[in-house]
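The values are calculated or read from the model by the stated rules, or taken from the named source; none is laboratory data. Quick caveat: nothing in here was measured; it's all calculated off a predicted structure. With ideal geometry, Cβ positions are generated from the backbone for all residues, glycine too; neighbour counts draw on all protein chains shown.
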Amino acid sequence: MDLQNHHLTVAGEALPNIEPVARCLLGESNANLSKRDELRYGTNGSLSVDLEKNTYFDHEAGTGGGVLDLIKRETGLATRAEQFEWLEKNNLLTSSPASPKVLQIDQKTVNKGGQTLQIVTVYPYTDENGTTLYEVVRLEPKGFRQRKPDGKGGYEWSVKGVRQVPFHLPQLLAACSDDYLYIVEGEKDVLRLESLGLVATTNAGGAGKWPKELTPHFRGRKVIILPDNDESGRNHADRVRGALAGVAAEVSVLNLPNLPLKGDVSDWLDAGGTLEQLRELAEQAPVLSFESASPSVQGDEKERKETFAEIIIKFVLSEFEPFHDTNKEPYLRHKDTGVVWRLTSRQFRNYLAALLYRATERSFSEQPITEALGTLSAIAQYESDQKAVHIRTAGEGGTYYLDLGQQGNSRAVKVSAGRWEVTDAPAMFFRPEPMQLIPTPVRGGSIEGLWRIANVPEGSRLLVLAWLVECLRPDTPFPILELLGEHGSAKSSTQTALRRLIDPNACDLRAAPKTVEDIYVCAAVSGILSYENVSHLPAPMQDGLCIVATGGGMAKRKLYTDADESVISVKRPIVLNGISAAVTAQDLVDRCLTIEMPVIKERLEADKLVNQLEEQRPALLGALLDIAAKALALLPSQSLPPEQRPRLLEFALLGMAVAQAAGQQPEDFLAEFNASRQESLARTIDASPVATAVMEYLEANPRGMTASVKEIMATLDRYKPLGSDAWPRTAKGMGDSLRRAAPALRQLGMECSCLGKIGGAVKWSIKKK
């Protein structure tokens with residue numbers, strides 16, 4: 001290796017050795033008791049100054065420290081700035097290689113392996129006496145490398161066998177014992193904090209590297225870890241904190257507020273952060289004390305487990321904020337990332353086990369974790385605040401949030417009238433295990449790209465677009481999207497594309513539910529209910545879907561209890577597909593948007609379609625959000641005459657606004673909406689033999705009739721459709737069928753109503769309007 005133009009200068013002043021400071025402060029030592037490497041003060045030599053270690057110790061008081069501690073003891077100067085000012089006034093600050101900060105290098109290169117590398121900066125790592133052990137060298141264009149002196153005036157590009165030390169070890173040892181020691185990720189940040197008068201250090205090699213040899217230097221000290229704002233930075237902070245367990249007096253991990261992604265403390269200071277703010281944040285940072293991190297092995301097994309459980313509880317409460325939802329379900333929100341966890345879930349139990357190992361480098365058995373989670377659940381349920389918990393969407397009153405589900409942060413899209421932005425969500429978003437992330441949306445896309453992937457006929461696209469926007473509004477009833485078509489109409493791929501745009505899931509398409517409970521359980525862990533190949537839905541399931549779309553829940557007895565109930569309360573959008581219509585109940589039909597899908601003429605390969613969707617998702621979502629924001633701004637200006645207001649009034653008004661936002665007219669949406677409703681009405685009539693009989697009867701008898709249910713049943717029997725197995729067998733069954741068919745008949749101009757008891761019998765009226 002050839003080092004050219006090797007001109008080095010030391011930047012910054014260094015702390016002096018303790019000997020001149022002691023002589024300045026204490027005068028001449030006791031010559032009879034002093035040694036070559038130790039000064040003794042006092043008649044009995046009760047105060048000693050170790051010249052090799054650069055420390056002092058008061059044997060009567062039992063206290064000691066480094067250079068700055070001695071200055072503080074003798075002068076009362078409490079801050080590093082004041083102490084350094086005293087050193088400067090007494091001409092004790094000198095530029096010395098005993099404690100170098102950073103070597104500034106002028107025009108130098110290293111030839112190695114035939115390649116010329118430019119050396120930008122050299123960071124020397126020294127022992128207690130300032131002797132360089134090794135150096136971290138910043139190179140261009142290769143990043144960072146390490147080297148050690150070869151004893152011949154040159155360097156060897158290897159640090160194998162070299163003692164590992166923290167950066168700026170002499171300054172670390174000289175600091176006052178009650179000073180905070182800041183551990184950062186990189187030498188540049190150390191220098192930045194030192195320029196503010198703080199004590200800082202780092203380890204060579206960056207995140208993920210913390211040799212065990214570094215740990216003893218922090219014994220009994222107060223440590224603040226400042227991680228970079230990324231996953232590796234957080235993992236490194238946890239590793240360092242775990243390494244300091246039982247060594248440092250206290251350790252805090254301080255995640256600086258408003259730090260950009262991959263940002264560090266230097267970025268925070270550049271953005272306007274001040275020394276005063278940093279000190280205040282350090283004082284407020286939650287402390288994880290490790291004094292009890294190693295439970296005593298004395299005592300019985302029960303005592304040891306309880307001690308471990310207490311450690312886990314303290315650890316969790318230092319990292320998470322406990323709370324409960326409206327059903328008293330316990331949750332935790334990470335104080336730094338904002339990510340919400342269901343405390344009783346297997347997902348959190350596994351995550352906690354990983355956190356504990358990362359922080360302590362030890363494995364905790366199942367028993368103390370179970371005990372700790374039980375106590376934490378009680379704290380969350382009975383000693384913490386109640387907060388609303390959301391899945392994927394939240395908001396009301398015109399401002400809505402779409403959770404992106406991205407790991408390690410709580411980023412969400414905020415949508416309001418006229419604008420949208422990606423921000424940290426104020427809402428408590430729970431992310432069930434099957435939920436997948438949404439890529440960050442980008443502006444400038446066109447929603448037209450969606451129709452090249454989703455096989456939605458042109459005459460139904462405004463309906464589907466309005467349904468997608470409505471899925472972002474959890475404060476309104478949701479319409480149900482039903483995709484119908486024969487084999488080869490791309491029902492499943494279309495449904496997948498629509499769902500993955502706003503609620504991707506490990507299981508985008510589920511099989512039809514087998515029980516009503518299945519519907520509620522699925523809704524409790526999904527942003528959207530998505531079923532495929534649905535051929536039949538029994539009446540109780542249709543009722544359940546209707547309740548989920550409009551908001552409601554179910555309750556059942558908890559297992560192993562006599563009176564406790566388990567409650568699931570939800571409101572979710574629903575989409576399903578099938579060859580034939582499975583939705584037949586009038587109440588559900590009224591909330592259904594039916595899309596008849598054409599057969600695909602030019603079929604694409606499935607994997608190409610998936611790749612095309614994944615590539616375009618950020619732009620498609622951005623285009624959808626553009627339309628949603630414009631629609632929310634236009635929504636207050638939309639209205640319908642009272643006689644034209646449908647049951648899904650909120651959706652109809654939003655659809656009109658969506659049409660305008662998409663460059664079309666509100667009437668275009670109403671035409672699609674009304675056509676869908678007519679299709680739903682026809683299906684209701686077809687599904688009800690009684691409704692069909694009433695229509696046939698009124699065609700033949702326009703004046704209608706008023707009679708008892710028994711008489712109406714006998715009259716309509718002559719108009720009963722052939723082969724009908726669902727014809728009511730009793731008067732009560734006929735009355736129930738008339739009541740269910742009445743809304744659909746009314747929209748077709750026929751009145752079917754109960755008049756109450758007249759002349760001792762309940763009468764019904766059937767007539768044209």
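Mind counting the residues in the stretch 257-282 that are within 30 Å of Arg219 (Cβ to Cβ), of a type in the set (Asp, Glu), surrounded by 12 or more Cβ atoms within 10 Å (Cβ to Cβ) and out of contact with any helix residue (DSSP H, G or I) (no Cβ under 9 Å at 6 or more places or on another chain)?
Number of matching residues: 0.
For the subset of the stretch 426-455 comprising residues that are of a type in the set (Gly, Ala, Ser) and surrounded by 14 or more Cβ atoms within 10 Å (Cβ to Cβ), which member is nearest to Cys522 (Cα to Cα)?
The selected residue is Ala427.
Looking at the structure I just gave you, is Thr692 touching a Pro at 6+ places or on another chain (Cβ under 9 Å), at pLDDT 90 or above, surrounded by 14 or more Cβ atoms within 10 Å (Cβ to Cβ) and on the phi < 0 side of the Ramachandran plot?
yes
Does the stretch 667-687 contain any residue that is touching a Pro at 6+ places or on another chain (Cβ under 7 Å), more than 14 Å from Val589 (Cβ to Cβ) and not aromatic (Phe, Trp, Tyr)?
Looking for residues that are touching a Pro at 6+ places or on another chain (Cβ under 7 Å), more than 14 Å from Val589 (Cβ to Cβ) and not aromatic (Phe, Trp, Tyr), one finds none in the stretch 667-687, hence no.
Which of the strands (runs of 3 or more DSSP E) contained wholly in the stretch 164-258 include at least 3 residues that are closer than 29 Å to Ala354 by Cβ and under 33 Å from the mean Cα position of the chain (by Cα)?
180-183, 222-225, 250-253
Can you find even one residue in the stretch 171-182 that is in the same structural domain as Asp270 (by TED's automatic domain parsing), surrounded by 19 or more Cβ atoms within 10 Å (Cβ to Cβ) and out of contact with any helix residue (DSSP H, G or I) (no Cβ under 8 Å at 6 or more places or on another chain)?
No, the stretch 171-182 contains no residue that is in the same structural domain as Asp270 (by TED's automatic domain parsing), surrounded by 19 or more Cβ atoms within 10 Å (Cβ to Cβ) and out of contact with any helix residue (DSSP H, G or I) (no Cβ under 8 Å at 6 or more places or on another chain).
Please go through the stretch 552-589 and pick out each residue that is of a type outside the set (Lys, Arg), within 28 Å of Leu472 (Cβ to Cβ), assigned to a loop (DSSP other than H, G, I, E, B) and modelled with pLDDT of 90 or more.
Result: Pro573, single match.
Does Thr692 fit the bill of being assigned to a helix (DSSP H, G or I), among the β-branched types (Val, Ile, Thr) and under 13 Å from Pro743 (Cα atoms)?
no
All but one of (1) closer than 30 Å to Leu481 by Cα; (2) surrounded by fewer than 16 Cβ atoms within 10 Å (Cβ to Cβ) hold for Arg718; state the number of the condition that does not hold.
Just one mismatch for Arg718, condition (1).
Residue-wise test of (1) surrounded by 15 or more Cβ atoms within 10 Å (Cβ to Cβ); (2) closer than 23 Å to Glu128 by Cβ; (3) touching a helix residue (DSSP H, G or I) at 6+ places or on another chain (Cβ under 6 Å); (4) not assigned by TED's automatic domain parsing to the domain that holds Thr131.
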site	(1), (2), (3), (4)
Val21	yes, yes, yes, yes
Asn30	yes, no, no, yes
Ser34	yes, yes, no, yes
Ser48	yes, yes, no, yes
Leu51	yes, yes, yes, yes
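Tell me the residue from Leu681, Leu624 that is touching a residue at least 60 places away in the same chain (Cβ under 8 Å), in contact with a helix residue (DSSP H, G or I) (Cβ under 8 Å, 6 or more places away or on another chain), in the same structural domain as Asp475 (by TED's automatic domain parsing) and of a type outside the set (Asp, Glu), please.
Exactly one of Leu681, Leu624 is touching a residue at least 60 places away in the same chain (Cβ under 8 Å), in contact with a helix residue (DSSP H, G or I) (Cβ under 8 Å, 6 or more places away or on another chain), in the same structural domain as Asp475 (by TED's automatic domain parsing) and of a type outside the set (Asp, Glu), namely Leu624.
All but one of (1) over 19 Å from Glu310 (Cα atoms); (2) modelled with pLDDT under 95 hold for Val340; state the number of the condition that does not hold.
Evaluating Val340 over (1) over 19 Å from Glu310 (Cα atoms); (2) modelled with pLDDT under 95 leaves (2) as the failure.
Would you pick out the residues in the stretch 437-454 that are assigned to a loop (DSSP other than H, G, I, E, B) and under 20 Å from Pro479 (Cβ atoms)?
The answer is Ile447, Ala454.
Does Val464 satisfy the criteria of being surrounded by fewer than 16 Cβ atoms within 10 Å (Cβ to Cβ) and in a helix (DSSP H, G or I)?
No; evaluated as a whole, the condition is false for this residue.
Would you confirm, using the coordinates I've provided, whether Asp626 is at pLDDT below 90 and part of a helix (DSSP H, G or I)?
Judged against the criteria, Asp626 is not a match.
Filter the stretch 390-416 for residues that are in contact with a helix residue (DSSP H, G or I) (Cβ under 7 Å, 6 or more places away or on another chain), over 16 Å from Ile438 (Cα atoms) and surrounded by 15 or more Cβ atoms within 10 Å (Cβ to Cβ) and give the result.
The answer is Ser416, and nothing else.
From the list Glu13, Glu38, Glu85, exactly one residue is at pLDDT 85 or above, farther than 20 Å from Gly220 by Cα and surrounded by 12 or more Cβ atoms within 10 Å (Cβ to Cβ). Which is it?
It is Glu38.
What are the residue pairs meeting all of these: first residue in the stretch 645-671, first residue at positive phi and in a helix (DSSP H, G or I), second residue polar (S, T, N, Q) and crowded, with 23+ Cβ neighbours inside 10 Å, Cβ atoms under 7 Å, and 6 or more apart or on different chains?
Short answer, once both residue conditions are applied: none.
Scan (1) in contact with a helix residue (DSSP H, G or I) (Cβ under 8 Å, 6 or more places away or on another chain); (2) crowded, with 16+ Cβ neighbours inside 10 Å; (3) free of Cβ contacts under 8 Å to residues at least 40 places away in the same chain for the single condition Met750 breaks and write down its number.
Every listed condition holds for Met750 apart from (3).
Please note which strands (runs of 3 or more DSSP E) are completely contained in the stretch 357-435 and include at least 2 residues that are in contact with a Phe, Trp or Tyr (Cβ under 7 Å, 6 or more places away or on another chain).
393-396, 411-416
Considering the stretch 481-504 alone, what residues qualify as being outside any helix (DSSP H, G or I) and touching a helix residue (DSSP H, G or I) at 6+ places or on another chain (Cβ under 7 Å)?
Leu481, Leu483, Gly485
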